[in-house]
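See structure below.
Just so it is clear, none of the values below were taken in a lab; they were calculated from the coordinates. Values in this document were obtained by computation on a predicted structure and should not be read as measured data. Because the Cβ atoms are built from the backbone with ideal geometry, glycine has one as well, and the counts that use them run over all protein chains shown.
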Amino acid sequence: MSRPELNRHDRLLWVLRAGAAAGLVVSAVIHVQLAPDYQQAAPGGIGQGTLFLVQAGAAAVAAVFVLLKGSRMAFAAAAVVALSSLAAVILYRYVQVPAVGPLPSMYEPVWYTAKTVTAVAEAAAGALAVAGYVLLHSNRAGSGPVSRGRRRGAPAP
């Protein structure tokens with residue numbers, strides 16, 4: 001019995017899913033690696049290291065979600081996690097945000113390799129996730145055969 005071939009649309013969605021997940025995994029791994037050093041300023045409280053671990057967990061969950069499900073919701077979750085992480089790294093690189101409640105000030109006006117790799121991975125994951133969401137949304141909202149629940153080439157009811 002032969003396996004059905006994936007059409008072009010499905011292959012593209014798989015590339016977007018895998019790429020978004022890969023970027024999120026890179027971000028998660030680097031955040032886990034950096035967390036212990038960043039927690040030293042607040043060893044018993046909510047420090048930057050704790051926030052890094054929370055981000056890593058969110059990125060890992062979003063990566064698994066987009067890989068397993070590939071739905072608009074999964075792509076949206078991946079985009080939110082990736083782009084919010086990217087926004088945070090850029091914000092705290094260029095703006096000295098003071099501590100807010102239990103959250104520490106995280107101003108760090110330098111770029112170094114791990115930070116740059118994380119930013120690039122988050123940007124790529126966010127862009128791929130947005131592209132996946134838009135692709136699925138346009139198929140659902142459009143008048144194409146995929147949006148009406150028919151396969152390409154299938155006759156209209």
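Structure notes:
- Among the residues of the range 67-115, those that are polar (S, T, N, Q) and surrounded by fewer than 12 Cβ atoms within 10 Å (Cβ to Cβ) comprise GLN96, THR113.
- If the condition is being among the basic types (Lys, Arg) and in a helix (DSSP H, G or I), then the range 33-91 contributes only ARG72.
- Residue within the range 74-82 that is within 19 Å of the chain's Cα centre (by Cα) and farther than 23 Å from LEU16 by Cβ present: no
- Qualifying residue in the range 11-23 (condition: over 19 Å from ALA123 (Cβ atoms) and without any contact (Cβ under 8 Å) to a residue 60 or more places away in the chain): yes
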